[in-house]
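Just below is one structure, and these are the notes that go with it.
The values are calculated or read from the model by the stated rules, or taken from the named source; none is laboratory data. As the structure is a computational prediction, the values presented were derived from the model and not from experiment. Quick reminder, even Gly has a Cβ in these numbers, built from the backbone with ideal geometry, and neighbours come from all protein chains shown. SASA here: full protein model, heavy atoms, side chains in, ligands and nucleic acids out. Shrake-Rupley method; radii C 1.70, N 1.55, O 1.52, S 1.80 Å.
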Amino acid sequence: MDILYILWLRQIKRYLRSRARLIGSLGQPLLFLFAFGFGFGPLYAKAGGGNYMQFLAPGVICMAILFTSVFMGIEIIWDRQFGFLKETLVAPVSRMQIMLGRTLGGATVATLQGVIVFLIALLAGFRPEHWYSAALALPVMFLIALLFTAFGTGIASVMSDFHGFQLVMNFLVMPLFFLSGALFPLNDLSPALATLVRIDPLTYGVDALRGAFLDTAHLGMGLDFSVLSLITVLCLVVGSHLFSKIEV
Amino acid sequence: MAAIIRVEGITKKFHDFTAVDHVSFEVEKGEIFAFLGPNGAGKTTTIKMLTTLLHPTSGTIEINGHNPVTEQNEVRKSFGIVFQDPSVDDELMAWENMEIHGILYGVPKKLRRERIDQLLEIVELTDRRRNLLKEFSGGMKRRLEIARGLLHHPKILFLDEPTIGLDPQTRNHLWAYVEKLNKEEGITVFLTTHYMEEADRVADTIAVIDHGKIIERGTSQTLKERTKTENLEAAFLALTGHAIREEQVSGIDHLRMRHRLWHR
Ligand SMILES: Nc1ncnc2c1ncn2[C@@H]1O[C@H](COP(=O)(O)OP(=O)(O)OP(=O)(O)O)[C@@H](O)[C@H]1O
Ligand SMILES: [Mg+2]
């Protein structure tokens, strides 16, 4: 327990101390929220979709969580580079615990980041359906964060340097985001796109978050939660296995 | 006396390059063992295999009766290590780095706090304990790493060039403390260094490795006798030759280089 806690705490401290990183990682979600939110808003309303900001905000919150959590996972490469990874790898502690501690820390950070974007969205005009929405949204956000931190950890465990980083961002993270329905509604998609969207785990996160905030889960909260939980467990198992195989 | 480290015919290949080539040796319990060799000889690679960070391509290792490949946790419980390369978290404070280490190694809170104070005193970092490590000089970071490595008292202590970048005062303190740990707690010490006078001072047994092979082994005295030289440095040069090693660029060096480029 001590070990999970101290590794969790390490991630939190690093995050809170690095203002630049904190602010930097908010840039993209802000841009999406304001440029897309206000840019596409009128078009979306005219097409009969209603208030685009209401629709978009949960998607952008998910995006912030996705990017931060994958990054928190991938940060192992930095630890490897600066050497701290060795310190944890030779400790008489199961690697499962190490992986779990830092993953929980990373997921907490990503959730916080999601909360910040949520607060900004409120300023931009986003209004949740009920006051208690937030209570339901928080576990959804944490689940998404956990899933993708574990995912990032797994990936970073098989990468030995930064070169793969761009590859991961462009060929995994970006598609995960764009195919998740964060920006567009899931009804009336072409069959090909619909299939891709249904394969993307983030789809279920975005959908669950819309369900939590607005009661508009397209796929249903039950399905969303089941898929998210299942894939989170899968990522944790595979991620910690890959992590345990790291040689320095 | 019984051997606490037993190495039999270990080989490590990186692709088709053989970094460690059929190395065998034993280290007795309670002994201070110096592993000497020129740059690129295979010292660090050997230590990584002994400490579960790398798996040997072939051969067997026993650390405190356990196999580092199949019984990693048992092996990890029995040693502490100061790495050759940096291994601290720059974004944490000095005491936080120590604290994490203490918790990872299960040192109880009271003892942990005591030792952290005591060790920071020894490496003269007490007044810097609340500084972030990125504000430390290279030598100060090194001192912290050493203090951290001594925080839990393991059965075996690996010190991979612990004194690189340290001033003579600190080197002196360090070796005095290591000798004390060895005497009072019977901790076995496995060290590498390029300072021959340090090895001469502290080591009970010396093994010389070159091009991945052990070429000589004995006490400082026997090495000098066998090479008919006056001091250990002359003996070392007699054994390994005067040519400077055309060092193969190691994987770590590659990483460092890329890292520098990346952060430009
Ligand atoms: N990950 C790696 N990939 C490829 N080659 C490696 C790797 N690690 C080490 N080597 C090579 O193995 C050889 C032994 O390296 P090692 O680090 O063990 O030397 P060393 O004896 O510790 O030297 P030094 O005194 O410079 O620390 C070197 O030629 C090095 O280039
Ligand atoms: Mg070395």
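Amide hydrogen proximity for B:ASP210: with H placed 1.01 Å from N in the peptide plane, the residues at 5 or more positions away or on another chain lying under 5 Å are B:ILE215. With the highest mean first, a sort of the peptides B:50-58, A:10-18 on other beta-carbon atoms found within 10 angstrom per residue produces B:50-58, A:10-18. Which residue, B:ILE61, B:VAL20, B:VAL82, has the largest displacement toward the positive end of the dipole of segment B:1-126 when charges sit on each Cβ (Lys, Arg +1; Asp, Glu -1)? Selected residue: B:ILE61. Other protein chain C-beta atoms within 10 Å of residue C-beta, averaged over B:96-103: 4. Could you run the Karplus curve 6.51 cos²θ - 1.76 cosθ + 1.60 with θ = phi - 60° over segment B:231-240 and give me ³J(HN,Hα) per residue in whole Hz, x for Gly and Pro? Per-residue couplings from phi come out as 9, 5, 4, 5, 4, 4, 5, 4, 7, 9 Hz.
Calculated mean residue ellipticity, 222 nm, chain B: -12000 deg cm²/dmol, from DSSP H runs (n ≥ 4) at -39500 (n - 2.57) each, averaged per residue and rounded to 500.
In summary, the helical segments of chain A meeting the span-like criteria, namely a full DSSP H run, a Cα extent along the axis of 15 angstrom or more and a mean Kyte-Doolittle hydropathy of at least 0.5, are A:52-74, A:95-123, A:133-157, A:201-214, A:221-244. Protein heavy-atom surface of segment A:1-130, 1.4 angstrom probe: 71% of the accessible area is carbon and sulfur, with nucleic acids and ligands not counted. Across peptide B:71-77, the mean count of Cβ atoms from other chains lying within 10 Å of each residue's own Cβ comes to 3. Among A:MET174, A:MET141, A:MET53, which one moves the most in a GNM of chain A with springs linking Cα atoms closer than 10 Å? Of the options given, A:MET174 has the highest mean-square fluctuation. Modelled spin-label separation between B:ALA3 and B:ARG129, with each label point placed 7 Å from Cα along the Cα-to-Cβ direction: 4.3 nm. Across segment B:123-131, computed HN-Hα scalar couplings (Karplus, 6.51 cos²θ - 1.76 cosθ + 1.60, θ = phi - 60°) run 8, 6, 10, 3, 7, 9, 4, 9, 8 Hz from first to last residue, x flagging Gly and Pro. Evaluating 6.51 cos²θ - 1.76 cosθ + 1.60 at θ = phi - 60° for every residue in segment B:202-207, the Karplus couplings come out as 9, 7, 7, 10, 10, 10 Hz, glycine and proline recorded as x.
By DSSP, what percent of the beta bridges with both residues in the protein assembly as shown are antiparallel, rounded to the nearest 5? Antiparallel bridges: around 55 percent, rounded to the nearest 5. Hey, if you put +1 on the Cβ of every Lys and Arg and -1 on every Asp and Glu Cβ in segment A:69-138, which of A:ALA134, A:VAL90, A:LEU122 ends up farthest toward the positive end of that dipole? After comparing all options, I get A:VAL90. Taking each of B:LYS183/B:LYS228; A:LYS86/B:LYS12; B:LYS13/B:LYS48; A:LYS245/B:LYS12; B:LYS180/B:LYS224 in turn, the alpha-carbon distance tops 22 angstrom for B:LYS183/B:LYS228; B:LYS180/B:LYS224.
Close amide H pairs (under 5 Å, H built 1.01 Å from N) link A:THR216 with A:GLY211, residues at least 5 positions away or on another chain. Compared with the dominant principal axis of the Cα atoms in chain B, helix B:251-262 is inclined by about 40°. Distance between the C-alpha centres of segment A:100-153 and segment B:84-122: 32 Å, rounded to the whole angstrom.
Close amide-amide hydrogen proximity is noted between B:LEU157 and B:GLY80, B:THR188, B:VAL189, B:PHE190, each under 5 Å apart and 5 or more residues distant or on a separate chain (H modeled in the peptide plane; Pro and chain starts excluded). Ranked by the mean number of other Cβ atoms within 10 Å per residue, highest first, peptides A:26-35, B:152-161 order as B:152-161, A:26-35.
Working with all protein chains in place, sort A:LYS245, B:LYS228, B:LYS213, B:LYS110 by solvent-accessible area computed with a 1.4 Å probe, largest first.
B:LYS228, B:LYS110, A:LYS245, B:LYS213
Relative to the longest principal axis of the Cα atoms of chain B, the long axis of helix B:109-122 makes an angle of roughly 70 degrees.
For the segment B:83-93, counting C-beta atoms of other chains within 10 Å of every residue's C-beta and taking the mean gives 6.
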